[in-house]
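Participant: Provided herewith is a single structure, encoded as structure tokens, for subsequent inquiry.
Every number here is computed from the coordinates shown, using simple stated rules; none is lab data. Values in this document were obtained by computation on a predicted structure and should not be read as measured data. Cβ placement follows ideal geometry from the backbone for every residue including glycine, while neighbour counts extend to all protein chains displayed.
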Amino acid sequence: MKKLSLKWRITLMIVLLIGLTSVTMVLLLSSSGVRYMDSIGELLQDQMISGKSAFFDPEELSKGQYVTIVISGAQKDFCYTNWIICIVVTILSGIIAYFVSDYALKPLRTFTSQTEKVEVNNLGDIKLDEDVMPEFQQLSFSFNAMLERLNNAFAAQKQFTGNAAHELRTPIALMQAQVELFAAEHKEVDQETATFLALLAEQTERLTFMTKALLEMSNLGQVERKDKIELGEMVEEIFTDLIGQAEKKEITLEHEGCGMMVGSDTLIYRLLFNLIENAIKYNKVGGKVKVSIEENGEEILVKVKDTGVGIPKEAQKSIFQPFFRIDKSRSRQYGGAGLGLSLVWEIATLHGGSVWVESSSENGSLIVTKLMKR
């Protein structure tokens with residue numbers, strides 16, 4: 001019963017109710033009808049007169065046995081007809097209830113379609129219609145209040161993140177400069193000190209990258225998105241920027257297709273750069289990265305396929321969350337702060353699109369990004 005839709009539940013309950021009502025009425029009508037027929041039969045038998053007739057005629061009454069047979073048959077027909085009517089009424093009621101419940105549930109479908117439009121980046125813009133039937137008014141009020149609280153919470157979180165990253169940027173930059181200066185002035189140090197300096201330089205560089213990414217994420221909504229972007233040319237430009245990393249692992253870079261869109265040139269570059277860099281970083285030695293661009297009406301699909309280690313199925317949706325790492329050992333091996341794909345998701349959403357893992361196995365992964373042309 002729990003797996004049935006609300007529409008079918010309403011239909012079945014109405015059918016059950018009408019069925020029970022019809023059965024009760026049939027039993028009552030049959031009982032009273034038979035009783036009154038018996039009374040009529042007894043009255044006729046008392047008033048019988050002699051004579052022969054094939055049918056009952058008030059002017060010419062037949063023998064008692066004929067009268068009894070006619071009344072007995074009428075009783076059976078009466079009961080049989082009542083049960084037929086009961087079954088037909090129940091079936092017709094079920095059909096009518098099915099379509100009536102569909103109409104009755106229309107406000108719920110409207111409510112569902114409105115809630116499906118709610119996303120992280122439009123919490124302040126989406127508001128459910130509160131001019132609805134009384135049963136849904138309180139639900140709409142509560143849902144709108146929840147959206148407002150969530151929007152305030154996310155806004156406060158973004159503001160805190162941006163302020164924290166801004167405040168951390170200066171001291172981290174000073175730390176990194178001091179470490180680099182000390183390492184340059186003290187080249188003749190023992191192995192233990194050299195290892196410590198290298199580790200310190202690596203971690204300060206990670207902190208610098210992290211604060212930069214957090215600042216970018218907190219200021220995404222303020223960036224203008226009016227640039228005309230040729231994605232094919234941008235991919236070739238990114239290949240040029242990343243050719244050094246690709247050559248270190250002997251990875252082949254391939255590109256096909258093109259597409260024109262309107263958006264932020266800086267942000268789209270960052271989106272594609274992060275996807276391609278990840279495909280190179282987590283690829284196998286001697287592997288391949290292929291970027292395909294396809295136009296589909298008002299949408300553009302950017303597909304980044306690699307021959308890397310793959311992404312576990314349980315992590316394919318979580319990789320776009322901030323600071324998520326599939327394996328902590330990868331963090332130490334490849335570096336990064338787990339913000340690259342989160343930034344990709346934010347930028348895609350800001351441009352009216354989305355990003356997802358289309359497929360992944362030990363032979364590689366395919367990540368698809370959908371972007372709107374305008």
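Participant: Tell me the relative contact order for region 134-218 as a rounded percent, counting alpha carbon contacts under 8 Å between residues six or more apart.
Facilitator: On the way: 31 pairs, mean separation 40.1, N = 85.
That works out to 47 percent.
Participant: Round to the nearest 0.05 the FRET efficiency obtained for residue 158 and residue 228 when R0 = 22 Å and r is the Cβ-Cβ distance.
Facilitator: Between residue 158 and residue 228 the formula returns 0.20.
Participant: Work out the FRET efficiency for residue 296 and residue 129 from their Cβ-Cβ distance, taking R0 = 41 Å, and round it to the nearest 0.05. The partial results should precede the final answer.
Facilitator: Details: r = 32 Å, r/R0 = 0.77.
After rounding, the FRET efficiency stands at 0.85.
Participant: Using the number of other C-beta atoms within 10 angstrom as an exposure proxy, rank 111, 154 with the fewest first. Don't skip to the answer; put the middle values down first.
Facilitator: Numbers: 111 18, 154 14.
So the ranking, lowest neighbour count to highest, is 154, 111.
Participant: To make sure I understand, if each residue's beta carbon is the centre and we count other beta carbons within 10 Å, what order do 293, 95 fall in, fewest to most?
Facilitator: Numbers: 293 21, 95 11.
The order, fewest Cβ neighbours first, is 95, 293.
Participant: Starting from 0.36 nm per residue, how many nanometres of slack lie between residue 202 and residue 149 once their C-alpha separation is accounted for?
Facilitator: 15.1 nm is the gain from fully extending residue 202 to residue 149.
Participant: Sort 190, 265, 306 so that the residue with the fewest other Cβ atoms within 10 Å of its own Cβ comes first and the one with the most comes last. List each step's numbers first, then the result.
Facilitator: On the way: 190 8, 265 16, 306 27.
The most exposed by this proxy come first: 190, 265, 306.
Participant: What per residue convex hull volume, in Å³, do the alpha-carbon atoms of region 223-372 yield? Please report the intermediate quantities before stating the final value.
Facilitator: Details: hull volume 15.3 nm³, N = 150.
Once divided by residue count, the hull of region 223-372 is 102 Å³.
Participant: Mean separation of Cα pairs under 8 Å and 6+ residues apart, divided by the residue count of region 223-372: what relative contact order is that in percent?
Facilitator: On the way: 287 pairs, mean separation 34.2, N = 150.
It comes to 23 percent, rounded to a whole number.
Participant: Over 19 Å between Cα atoms: which of 249/370; 117/212; 249/288; 212/305 fall into that group? It would help to have the intermediate numbers written out before the result.
Facilitator: Working: 249/370 29 Å; 117/212 31 Å; 249/288 10 Å; 212/305 27 Å.
The pairs that break the limit, which is 19 Å between Cα atoms, are 249/370; 117/212; 212/305.
Participant: To the nearest 0.05, how large is the calculated FRET efficiency for residue 178 and residue 212 if R₀ is 30 Å and r is the Cβ-Cβ distance?
Facilitator: Working: r = 19 Å, r/R0 = 0.63.
FRET efficiency, residue 178 to residue 212: 0.95.
Participant: Suppose every K and R has +1 on its Cβ and every D and E has -1 on its Cβ; what is the size of the dipole of region 134-218 about the Cα centre, in Debye to the nearest 20?
Facilitator: Numbers: 6 positive and 11 negative charges, 87 e Å.
With Lys and Arg at +1 and Asp and Glu at -1, about 420 debye.
Participant: Rounded to the nearest angstrom and ordered from largest down, what semi-axes does the equivalent ellipsoid of region 243-320 get from its C-alpha gyration tensor (root of 5λ)? Spell out each step's value before the answer.
Facilitator: On the way: eigenvalues 103, 53, 31 Å².
Ellipsoid semi-axes (Å, largest first): 23, 16, 12.
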